[in-house]
Ligand SMILES: NC(=O)c1ccc[n+]([C@@H]2O[C@H](COP(=O)([O-])OP(=O)(O)OC[C@H]3O[C@@H](n4cnc5c(N)ncnc54)[C@H](OP(=O)(O)O)[C@@H]3O)[C@@H](O)[C@H]2O)c1
């Protein structure tokens, strides 16, 4: 297949391109700046520079590439500062998820691409009621805490637009598996506390497993292909009070601090409290069953240590630490 990957230079894109090449697909991979073109070429793809928010350029590029399949992995989170207001941090990503999705779907349709697969997100999406682990059929959170309504709406828009157009939306868990993962710095600095009882659930996914599920979705046979949403998460959704101490240990950091809810609300905001105490995890049963997906890293318990605990990983994490910005700030840090 000829596969047009938007966001080939990002965290997931750089894992996806080599897996597609290994499966003998031809890949056209985009970045927003020519600086990344050589890297994309080294991964095995034909690089192009593209701004997903320029619909005319998107149409031209996709028509020229004549792809069989289009994959959207564009987010704009690399240099984002996370504050109490998630919508402020996600302004550009929300535009990519709405305007960008529309532009790419229209271009894919015009080019006659048969497959469309897009990055979506699973963690903290589901309604904060009932059991801790949710399937794709469970209701999404319709009453988000203040500061994340636009982000929630953009993700919902993407899921709907992609499936209405006959495509597949992959609700990935929280990515990990790289030396510059976003959680490294705040956890090393003890700026990611356990809030209250730490009973909020998270779902993680190793970047290589996320890429593998993406390839399998693209390669579904014509008979098995249908518009769908899949949770692409690992086997062990877990409460913060379980995974956070393990991550700290894998990073060689001190154990996380514990904050009462009122203090966390004051310093980190409502969203951090929701994530730490109420969020729900996601089930991967549908993706395993329908995509035939098996995970190399079935649980973060193994994956955190494999990623971070080797001396090389620890050194790389340290060198990236200063470039990252924490999710929360402790009052004493
Ligand atoms: N599920 C999750 O947990 C999740 C999801 C997304 C990101 N993250 C994390 O966020 C951090 C940063 O993510 P990232 O490396 O993927 O970087 P990113 O800045 O989020 O970029 C992702 C990809 O989107 C491209 N892109 C950005 N703006 C675009 C635009 N206007 N038009 C077309 N393409 C555009 C980027 O191109 P350029 O490289 O040229 O900028 C890159 O290829 C990483 O630690 C990652 O793991 C986590």
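Note: relative contact order over the chain, using C-alpha pairs below 8 Å and six or more positions apart, is 20 percent.
For residue 22 and residue 254, a Förster radius of 25 Å and the Cβ-Cβ distance give a FRET efficiency of 0.05, rounded to the nearest 0.05.
Taking only the Cα atoms of the range 183-233, the radius of gyration and Dmax are 17.1, 50 Å. Along its principal axes, the range 1-53 has C-alpha extents of 28, 19, 17 angstrom, given from the largest down. Diagonalising the gyration tensor over the Cα atoms of the range 7-102 and scaling each eigenvalue by 5 before taking the square root yields semi-axes of 24, 16, 11 Å, largest first. Just want to confirm a number: the relative contact order over the range 11-121, from Cα pairs under 8 angstrom separated by 6+ residues, in percent. Computed over the range 11-121, the figure is 27 percent. Taking a quarter of the surface of the Cα convex hull of the range 268-314 gives a mean projected area of 5.3 nm². Along its three principal directions, the equivalent ellipsoid of the chain from the Cα gyration tensor extends over semi-axes of 32, 21, 19 Å, largest first.
With a simple spin-label model that places each label point 7 Å from the Cα along the Cα-to-Cβ direction, the separation between residue 42 and residue 129 comes to 5.1 nm. Projecting the alpha carbon convex hull of the range 209-284 along each direction and taking the average yields 7.1 nm².
Restricting to the chain, compute how many DSSP beta bridges are antiparallel as a %, nearest 5. Of the beta bridges lying entirely in the chain, close to 10 percent run antiparallel.
For the range 86-149, the relative contact order works out to 41 percent when only alpha carbon pairs closer than 8 Å and six or more residues apart are counted. With all pairs of separate Cα atoms included, the range 53-191 yields a Kirkwood hydrodynamic radius of 16.5 Å. Taking the longest Cα principal axis of the chain as reference, the axis of helix 13-22 is set at about 50 degrees.
Remark: spin-label model distance residue 85-residue 310 equals 4.3 nm, labels positioned 7 Å along the Cα→Cβ axis. With kT/(6 pi eta Rh) evaluated at 37 °C and eta = 0.692 mPa s, and Rh the Kirkwood radius from Cα pairs, the range 137-192 diffuses with a coefficient of 233 µm²/s according to Stokes-Einstein.
Throughout, read-outs are computed from the coordinates displayed, never taken from laboratory work. The structure presented is a predicted model; accordingly, all values stated were derived computationally and were not measured. In this analysis, Cβ positions are derived from the backbone assuming ideal geometry, glycine residues included, and neighbour counts consider all displayed protein chains.
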